[in-house]
1. What are the residues whose amide H is under 5 Å from the amide H of Ala154, where those residues sit 5 or more places off or on another chain and H is modelled from the backbone?
2. Treating the beta-carbon of each Lys and Arg as +1 and of each Asp and Glu as -1, no other charges, what is the dipole magnitude of the range 17-165 about its Cα centre, to the nearest 20 debye?
3. Please compute the length gained on full extension between Arg115 and Ala103, using 0.36 nm multiplied by the number of residues separating them and subtracting their Cα-Cα distance.
4. Where does the chain land at 222 nm, in deg cm²/dmol rounded to the nearest 500, when only DSSP H runs of n ≥ 4 count, each adding -39500 (n - 2.57), divided by all residues?
5. So how far apart, in nm, are the two label points at Asp153 and Glu129 if each is 7 Å from Cα heading toward Cβ?
6. Residue separation times 0.36 nm, minus the C-alpha to C-alpha distance between Thr35 and Arg16: what's the value?
7. When the Karplus curve 6.51 cos²θ - 1.76 cosθ + 1.60 is applied with θ = phi - 60°, which whole-Hz ³J(HN,Hα) does each residue of the range 44-52 get, with x for Gly and Pro?
8. For Glu29, Glu6, Glu107, give me the order by solvent-accessible area with a 1.4 Å probe, most accessible first, ignoring ligands, DNA and RNA.
Amino acid sequence: MDTTIERPGGTTFRGRPVTLLGRGVRVGEQAPDFTAVGPDMEAVGLSWAPDTVRVLCSVPSVDTPVCDRQTRFLGTEIAALPGAELLTLSVDLPFAQRRWCGASGLEGIVASDHRDLSFGLAYGVAVKELRLLSRALFVVDAGGTVRHAQYVDASDGPADHEAVLKAVRDCL
């Protein structure tokens, strides 16, 4: 994977265009692996939930209102679908994510990409100017193929959650 690929204007943050790093992923491709850190400080990668449909949700921070609402909504909806798992990734430190999990009542659905932006670079959501992740949603089937890829145009803009849920149901 070429992590030097820059995509200027790939999204906006607070109304300003920013540059995304990485080439991004496309529907039908094998999902790239990554290494992030869970709230328990253990490594988390694509294999965290083998033989399930995985929803990978990248956000700038679970401590922002838009990202908090999205993670709570998807956490609840995906939990109701046997055979599917959600993982929300941000560059928040694992300690902050653990606090968020405690406050939200949702456990095991977040991971931190703060160490080396492994997920951000592999999925093309690392924001060069801010060292954050842009908002995006990916559905990966049990065989590891990307079945849905949604790059949100603005950090505070709406994501199509219904399209994500439909893609998950289609994989189950």
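The values are calculated or read from the model by the stated rules, or taken from the named source; none is laboratory data. This one's a predicted model, so the numbers in the text were calculated from it and none came from an experiment. Ideal geometry is used to build each Cβ from the backbone, glycine not excepted, and the neighbour counts take in all protein chains shown. We work out accessible area using only protein heavy atoms, side chains counted, and drop any ligands, DNA or RNA first. Shrake-Rupley method; radii C 1.70, N 1.55, O 1.52, S 1.80 Å.
1. Under 5 Å from the amide H of Ala154 lie the amide H atoms of Thr12, each far enough along the sequence or on another chain.
2. Working: 12 positive and 19 negative charges, 49 e Å.
The calculation lands at about 240 debye.
3. Working: separation 12, 0.36 × 12 = 4.32 nm, distance 2.40 nm.
Here the answer is 1.9 nm.
4. Details: 4 runs with 43 residues, N = 172.
Computed mean residue ellipticity for the chain: -7500 deg cm²/dmol.
5. 1.8
6. Values: separation 19, 0.36 × 19 = 6.84 nm, distance 2.91 nm.
Taking Thr35 through Arg16 to full extension adds about 3.9 nm, to one decimal.
7. Coupling constants for the range 44-52: 10, x, 4, 7, 4, 9, x, 6, 10 Hz.
8. On the way: Glu29 45, Glu6 90, Glu107 125 Å².
Final ranking, largest accessible area leading: Glu107, Glu6, Glu29.
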